[in-house]
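Data first, discussion second: the structure below is written as structure tokens.
The values are calculated or read from the model by the stated rules, or taken from the named source; none is laboratory data. From a predicted model like this one, the values you see are computed outputs, not experimental measurements. Reconstructed Cβ throughout: ideal geometry from the backbone, glycine too, with neighbour counts over all protein chains shown. The area values use the complete protein model at the heavy-atom level, side chains included, leaving out ligands, DNA and RNA. Shrake-Rupley method; radii C 1.70, N 1.55, O 1.52, S 1.80 Å.
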Amino acid sequence: LTQAIFSMSAIIVQSLTNTLGDAMVAANTAVMRVDGFAMMPNFTFGTAATTYIGQNVGAGKYERIKKIAFECAGMVLVIGLALSGLLVFFGDKLLLIYASGENRDLIVQAGMNRLSIIAATYFLCGLMDVGCGILRGMGKAMQPMIVSLLGSCVFRIIWVFTVCPLFPGQIMALYISYPISWIVTGGVHFLFCFYFYKRLMKRKKQAE
């Protein structure tokens, strides 16, 4: 359900991009292809957090949750910042692989505008995914789904129809919504993580 809503919100965001001309559409298509590689570590560490935390919760070793959470967050932060640096400094070379035709330079320039904001903050998306993975590992599937829907999907849709019209033709107004939504969603995920971790530790003390 979460992935379906993500796709729906992406279609709405894409509809706004389509009004800005062929070069912008081509640029976003090229960037999304690059995104596919850069975003993969985020999903991987989120899945790793779910797997390892789930195993330790099942074994009743709740004290390991904090260590796993910090390690996953630390690794996704380091790798996310490294990938961000590579894309910001060498993104134009990667975009040239997908850009063609007379508007090639314009496509690369438009693509770099997006990468300068979104790619530079990939680590925020990674932290959001780790927070979501931690919650799922603790057996909480509904909370991260609702938070993700509201923070990353509904928020962006509202942004498209409220903030973007204030800056007509300014695609950067749309791009800035991505890191903002990642910060909000990830922050709420980790607040839930802290809350449920405390409950698990309290339950363990009571059992002892």
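So here's what we get for this one:
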item	result
Accessible area (Å², 1.4 Å probe, nearest 10) - T51	60 Å²
Karplus-derived HN-Hα couplings along region 33-38 (A = 6.51, B = -1.76, C = 1.60, θ = phi - 60°), whole Hz, x at Gly and Pro	5, 5, 3, x, 7, 5
The chain shape via C-alpha gyration tensor axes, a/c threshold 1.5	prolate
Region 48-104 - charge dipole about Cα centre, Lys and Arg +1 at Cβ, Asp and Glu -1, debye rounded to 20	260 debye
Choice from L96, L115, L81 showing the highest fluctuation, given a GNM over the chain with Cα pairs closer than 10 Å	L96
0 to 90° range, to nearest 10: angle between helix 40-58 axis and the chain longest Cα axis	10 degrees
Nearest-10 value in Å² for the accessible area of F192, using the 1.4 Å probe	70 Å²
At R0 = 30 Å, FRET efficiency that the Cβ-Cβ distance of M8 and I97 yields, to 0.05	0.55
Pairwise FRET efficiency - A141 versus R203, Cβ, R0 = 25 Å, nearest 0.05	0.85
Apportionment of accessible area to carbon and sulfur, the chain, percent (1.4 Å)	68 percent
Mean separation of Cα contacts under 8 Å (6+ apart) over length of region 127-208, as relative contact order %	44 percent
Distance in nm between pseudo-label sites at T162 and V184 (7 Å out along the Cβ direction from Cα)	0.7 nm
Dipole axis of the chain (+1 Lys, Arg; -1 Asp, Glu on Cβ), positive-most option in L150, S7, P168	L150
1.4 Å probe accessible area per residue over region 148-208, in Å²	59 Å²
Residue with peak Gaussian network fluctuation, the chain [Cα springs, cutoff 10 Å], from P41, P165, P179	P165
Label zone at V88, where the point sits 7 Å out along the Cα-to-Cβ direction: region 26-56 residues whose backbone N lies under 18 Å	35, 38-39
Furthest towards positive pole of dipole, S84, S100, T50, structure part region 46-110, Cβ charges	T50
Dipole magnitude (debye, nearest 20) for region 1-144, charges at Cβ of Lys, Arg, Asp, Glu	600 debye
C72 accessible area, assembled protein chains, probe 1.4 Å, Å²	10 Å²
